[in-house]
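Written below as structure tokens is the structure these notes are about.
No value in this document is a laboratory result; all are computed from the given coordinates. Just so it is clear, the structure is predicted and the values come from calculations on it, not from any experiment. Cβ placement follows ideal geometry from the backbone for every residue including glycine, while neighbour counts extend to all protein chains displayed.
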Amino acid sequence: MPPTNRPHSPRIVIYHQTHFKANGDFASLLPLVTESPDTLGVTHIIIAALHVNAQAGDITLNDDPPNAPRNEQLWEELAIFQDMGVKVLGMLGGAAKGTFQRLDGSDYEFGLYYPPLRNVIRRYAFNGLDLDVEEPMSLGGIIRLIDYLKADFGDSFLVTFAPVAFALQGMDHLSGFDYEALEVMRGHQVAWYNTQFYNNWGCLQSFADYDAILSRGWKPEKIVVGVLTNPGLGHGYVDYAELQRTVAALSQFYPGFGGIMG
């Protein structure tokens, strides 16, 4: 299986899902700029999580409609990052089930559920969509979704995935379809894979899981290694100093290293 080899720069990807603190205050992204204005490292921000709900046309960002007043500051800040050259993607799906089941139905059902999602992408000027498929979906269904996204938004629109590390090692995983088959059929349309090396699906305390992925033919530039940014977020947190050494080594020893996400 020869995945697509494309030019790239290593990526620094941030997932932002907890948009509000426990006291209700907005969790601003601007400290990424204001605390280190001359060394902005982030290249992509992924806003989570968009859900396609049972009632056709009901799209939510976490628990609220995207256009809820409480989200206004989020969209304003993201526009600032886009003006600075940072790409902003929406994350679709995740742990909450149902989104991909609805997009995996008949053509008629797809015609009910997809257009409202497309409208949200347009309204908020997303640069791409991250497909976090954590429920069974058919290969044909995910290909149809990719094809529609590319037809509607063009080749520059980023389509990424968020598989667990096991999924790229040929092992059991969460998504239902075969990622190696997807890469053969639509790899030229998938920008990269935000690969989850945590929650018992892989780890970065050594090169073992990363090597196991490359040994199956995946190219380093397509694999962005995903880590937890604090131990309260799940299992498999790697201490910052250890992670820094591991990522520096990956970048040095694997030409084309795809980057890191947190």
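If exposed trypsin sites (Lys or Arg not before Pro) are those in a DSSP loop with at most 12 other Cβ within 10 Å, what is the longest stretch of the chain that has none? The longest such stretch corresponds to 98-262.
Using only side-chain charges placed at the Cβ, +1 for Lys and Arg and -1 for Asp and Glu, the dipole size of the stretch 74-179 relative to its Cα centre rounds to 220 debye.
Note on the chain: dipole from Cβ charges, positive end direction compared against Pro116, Ala56, Gly217; the farthest Cα belongs to Gly217. With the convex hull of its Cα atoms as the shape, the stretch 116-262 has an orientation-averaged projected area of 9.2 nm². In order along the stretch 62-72, the phi-based Karplus estimate (6.51 cos²θ - 1.76 cosθ + 1.60, θ = phi - 60°) of 3J(HN,Hα) comes to 6, 9, 10, x, x, 8, 4, x, 5, 8, 4 Hz; Gly and Pro are listed as x. Remark on the stretch 133-193: Rg and Dmax equal 11.3, 33 Å (Cα only).
Ranking of Asp172, Asp130, Asp58, Asp104 by neighbouring Cβ atoms within 10 Å, starting from the fewest: Asp172, Asp58, Asp104, Asp130. Secondary-structure-derived ellipticity at 222 nm for the chain, considering helices only, amounts to -9500 deg cm²/dmol, per-run term -39500 (n - 2.57) for DSSP H runs with n ≥ 4. Simple point charges give the picture: +1 on the Cβ of Lys and Arg, -1 on the Cβ of Asp and Glu, and for the stretch 11-261 a dipole about the Cα centre of about 280 debye. DSSP finds beta bridges in the chain, and of those with both partners inside it, around 15 percent are antiparallel. For the residue pairs Lys21/Lys222; Lys21/Lys219; Lys21/Lys97, alpha carbon separations beyond 31 Å are given by Lys21/Lys222; Lys21/Lys219.
With the Kirkwood sum run over all distinct C-alpha pairs, the chain has a hydrodynamic radius of 18.9 Å.
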